[in-house]
Every structure is written in structure tokens, then in C-alpha cells.
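The values are calculated or read from the model by the stated rules, or taken from the named source; none is laboratory data. No experiment lies behind these values; they were computed from the predicted model shown. So basically every Cβ, Gly included, is an ideal-geometry build from the backbone, and we count neighbours across all protein chains shown. Side chains included, ligands, DNA and RNA excluded: accessible areas come from the protein's heavy atoms. Shrake-Rupley method; radii C 1.70, N 1.55, O 1.52, S 1.80 Å.
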Amino acid sequence: MKHLMVRWLRERFDVESIRGPLKHQIEKPLPKNIGWFHTLGSMSLFLFVSQVLTGILLLVYYRPTVNEAFGSVKFIMTEAYVGWLYRQIHAWGANLMVLIVFLHMLRTFITGSFKKPRELTWVFGVVLFLLTLVFGFTGYLLPWNQLAYWATTVGTEVAGSIPWIGEWIKTLLRGGDSVAGETLSRFFVLHVIILPWTMFAVIVIHLFLVRFQGIATMDRVGAEKEIKKGEGTPFFPHHMLKEGVVFFILLGVLITLAILAPFDLGEKADPLQTPHAIKPEWYFLPMYQVLKYFPKLVGIFIVSLAPLFLFLWPFLDKTKERHPLKRPISTAIGALALLSLLVFGMMAHLSETKREFFGRTYQFDIYGIPHPAAAEGGELPGNRP
Ligand code: HEM
């Protein structure tokens, strides 16, 4: 049967001209330093594909209107055949994708793979990271629940504070003065058409660059030699086997989380009732917290430095060494950036909550500073009016 099919194709197409380059790509040896952390790129790709597939399933019943959105997601979770499962896999997949793409970025930073000649691979990677975040932001509103509605109100308000173009961006996103049906339509179009296709195109460019230039070795910039056949680790089956193992682990984690820790739909959005302590998704928490400490413009300026530095990093870190210990300044800056993300994220998480530590109750103000719990209903120091 297989032979018949091959013969059928050979009689019609010049199969050899495709088979040659394909075989070359599959058998291409990878550098010896390639390990488990080199599977994070493919796992990012897997999560993107999973999001597209579960997203298509969600589209069957989802209705992007103010009156129907919440009810349609509720219907998917309670009535549609295995709807609860694909909605949870989509929600958890979005969170895991942010994490895995970030870890992949961290890996390429630590191994100095962003250096010459792979600067553009990094730059397109930063675009992919930002697109992943915008995916999360736009998708969060779609169930039209209270948390999403108010987080989007705050998020678009922040965009509105950008000097000169802020007001324009805010109105463009909201489609009016406040978050309403028009906003839902716009976020829907962004989330299901513009972002997936843009991301698909950028992934194709990113992967083409990776394949075309080959995976980076740990050699100094300019000293990388071409890996001859039999020298490195074969892509197939050696590295693909590793990817297969990590793929099944990730799939297991995704399904386990979807079943054991499902996301709650909460209450339908009510524009007249502001909930207490509105917080964005965890991956925006560090940015959200930094914005609290500074006047609006200064905060926006500081927060916009992060993507700017990410884009420019390959052109700023000019040392020829790739090993993280041999470029201590770059590594120290990276470690400091990571630490501040964790600290600000944790402070945002704790802010405006009451927690018990070592038998004492503390109230965390909006800046994330703990105070011994005030009497019931008491005012918090540093609370916003
Ligand atoms: C949807 C998002 C992404 C996908 C699907 C993706 C996919 C991949 C794949 C499959 C590889 C080869 C295997 C590996 O090194 O893991 C790779 C390599 C690479 N990626 Fe990504 N990537 C994404 C995001 C990013 C981000 C956010 C960055 C950094 C800002 C980045 C920078 C790089 C670099 C520099 C390489 C070359 C690594 C080397 O030669 O060692 N990628 N990517």
C-alpha cells in the first residue's frame, strides 16, 4: 500500500527534490550541548497548536455579545459535550504558554544564544512573547465575568496614560468611553483572527531562522564551527525522543490541572458594581505593582523600558562569550530583572489581602506592605482613596 502511494506520487511530482532537503533537515546534527532545556521552544509550539485547536472547539458555542458571552461559556462548561474539559485546557494552556515561552526565553538568554548571528531570532522571539501576553489579555475578557470586566477596565486605563497616543489606544481598544459590547467585539476579533494569524507568521519566521542558522553552540561568537555528520547529537531520533518525553509530561500536567484545578467562571460582568481589589492575571502583576509606586507617567516610562531592553539586548550585550559565568554583568542584570519580577509579582499578589503568618494576622496595603491587622472595618494605612 505504502509503495503504491509513493509510486502514485512519484509519477506526478518531483518527490526527490523535496525529499533531499527534508532528509537533510531531519538528519542535521545538533550541537553536543543540546539538552532537556532545548525542548522548551517545541513545547511553546505545542501549546500554541493546542490553544488553536481548543479555541476552535470553544468557537462552536461561544457568542461574542454582552448578553450572550457569559451564558455561552456557562453552556460550554455545563452542557456541551466535554466542553468543560476543552475550556479548562484552553484556560490552563494560556497560563502554561506564558510560563513556557518565558522559560524558553530565559534559556536562550542564559546560553547566550541571542548573540551574533542569531540576533533576529531573539527579536522575533520577543515579538512572540509580547503576542503571547496580548493573547492572554484579550482572551481574559471574553467570558464577560466581573473579574475580567474590571481587569480590562483597569488595563485599558493604563494604556490610556501613555503620553500622546494613550487616549487614542484606549479608545481604539474600548471602541468607546468605557468597556462595553464594542470592546468585547474588538477583543474577540483580535483574539481569534488577528493574533493567531500574526503569531503563526512570526513563528514560521522564527523557526526558519532557527533551522537556517542551526542551534547555537557554547563557543565564543565568531568561533562556531559547522557540526559535521557523526559529530553532534542527531535531531532524529535522539533529540526528537527528548521532545516526545517532555511533550507527554506537559500534556499530562495540562490535563491534570484542567481536571483537578478548574478555573471558576465567577459572576457575570456588572459595570455598576466595582469589586474589591481588582487584579490582573499573574503575568501582569509585576507591571501592575510597579505602576502603583510612581506617578502615572513615570510608572509607564519605567514599565515600557522592559520590552525596549528585551528587543535591544542582543545589540547591548556585545561580549563574545556565551557562557553565563563568563559574562557576569549581563548575567547579573538578568538575575536582578528576574528577582524584581518575582518580588513585585509577590507584593502585588499579597497587596490588599489579609494573611496569617506565624499566628499573627497581617493586612497588606496596596503597596504590598504588611500591617498588623486593623480592627474590623478599620482604614488601612496607604490605601487609595
Ligand atoms: C510561541 C513562542 C515561541 C516558539 C514556538 C519558539 C520556538 C522555538 C524553537 C522550536 C526553537 C529551537 C529549539 C529550542 O531552542 O528550544 C527556538 C529557538 C530559539 N528561540 Fe524561540 N520560540 C518562541 C519564543 C521565543 C522567545 C520569546 C524568544 C526570546 C525572546 C526566543 C528566542 C529563541 C532563540 C534565540 C533561539 C535559538 C536558540 C539556539 O540557537 O540555541 N524564542 N524557538
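Find the centroid of the Cα atoms in the stretch 263-287 and in the stretch 183-234, then give the distance between the two in whole Å.
Measuring centre to centre over Cα atoms gives 34 Å.
State the extension gain, in nm to one decimal, for the chain segment bounded by PHE357 and PHE315, taking 0.36 nm per residue of separation less the distance between their alpha-carbons.
10.6 nm
How large is the accessible surface per residue of the stretch 2-278, computed with a 1.4 Å probe and reported in Å² as a whole number?
Details: 15600 Å² over 277 residues.
Roughly 56 Å² per residue, with all protein chains present.
Determine the gain in length on full extension of the stretch ARG211-LYS74; use 0.36 nm per residue of separation and subtract their C-alpha separation, reporting nm with one decimal.
45.0 nm
Within the stretch 194-332, what whole-number % of the accessible surface is contributed by carbon and sulfur, with the 1.4 Å probe and all protein chains included in the calculation?
That fraction is 74 percent.
Could you give the nm distance between label points at TRP84 and ILE333, where each point is 7 Å from its Cα heading toward the beta carbon?
4.9
Treating only the Cβ atoms of Lys and Arg (+1) and Asp and Glu (-1) as charged, compute the dipole magnitude of the stretch 2-278 about its Cα centre; round to the nearest 20 debye.
That gives a dipole near 1200 debye.
Students often get this wrong, so check it: of LYS74/LYS279; LYS228/LYS320; LYS115/LYS228; LYS32/LYS115; LYS28/LYS318, which have C-alpha atoms separated by over 27 Å?
Table pairs above 27 Å Cα-Cα are LYS28/LYS318.
Do any trypsin sites (Lys or Arg not before Pro) in the stretch 279-363 lie in a loop, going by DSSP, with at most 15 other beta-carbon atoms within 10 Å of their beta carbon, and if so which? Kindly include the intermediate steps, with their values, before the conclusion.
Numbers: sites: LYS292, LYS296, LYS318, LYS320, ARG322, LYS326, LYS354, ARG355, ARG360; in loops: LYS318, LYS320, ARG322.
Within the stretch 279-363, the qualifying trypsin sites (Lys or Arg not before Pro) (loop, at most 15 other Cβ atoms within 10 Å) are LYS318, LYS320.
I need the shape label for the stretch 194-323. Rule: rounded when a/c is under 1.5, else prolate if a/b > b/c, else oblate, with a, b, c from the alpha carbon gyration tensor.
oblate
Mind checking which of SER178, LEU128, LEU103 is farthest towards the positive end of the stretch 85-226's charge dipole, using Cβ charges of +1 (Lys, Arg) and -1 (Asp, Glu) about the Cα centre?
Comparing the listed Cα positions along the dipole, LEU103 ranks first.
Loop-only check: which trypsin sites (Lys or Arg not before Pro) in the stretch 176-267 are DSSP coil with at most 12 other Cβ within 10 angstrom?
In loop regions of the stretch 176-267 (DSSP not H, G, I, E or B), the sparsely surrounded trypsin sites (Lys or Arg not before Pro) are LYS225, LYS228, LYS229.
Could you please state how large a percent of the accessible area of the stretch 124-176 is carbon and sulfur, counting protein chains only and using a 1.4 Å probe?
Heavy-atom surface of the stretch 124-176 belonging to carbon and sulfur, 1.4 Å probe: 80 percent.
According to a simple spin-label model (label point 7 Å from Cα along Cα-to-Cβ), what is the distance in nm between SER161 and HIS371?
2.1
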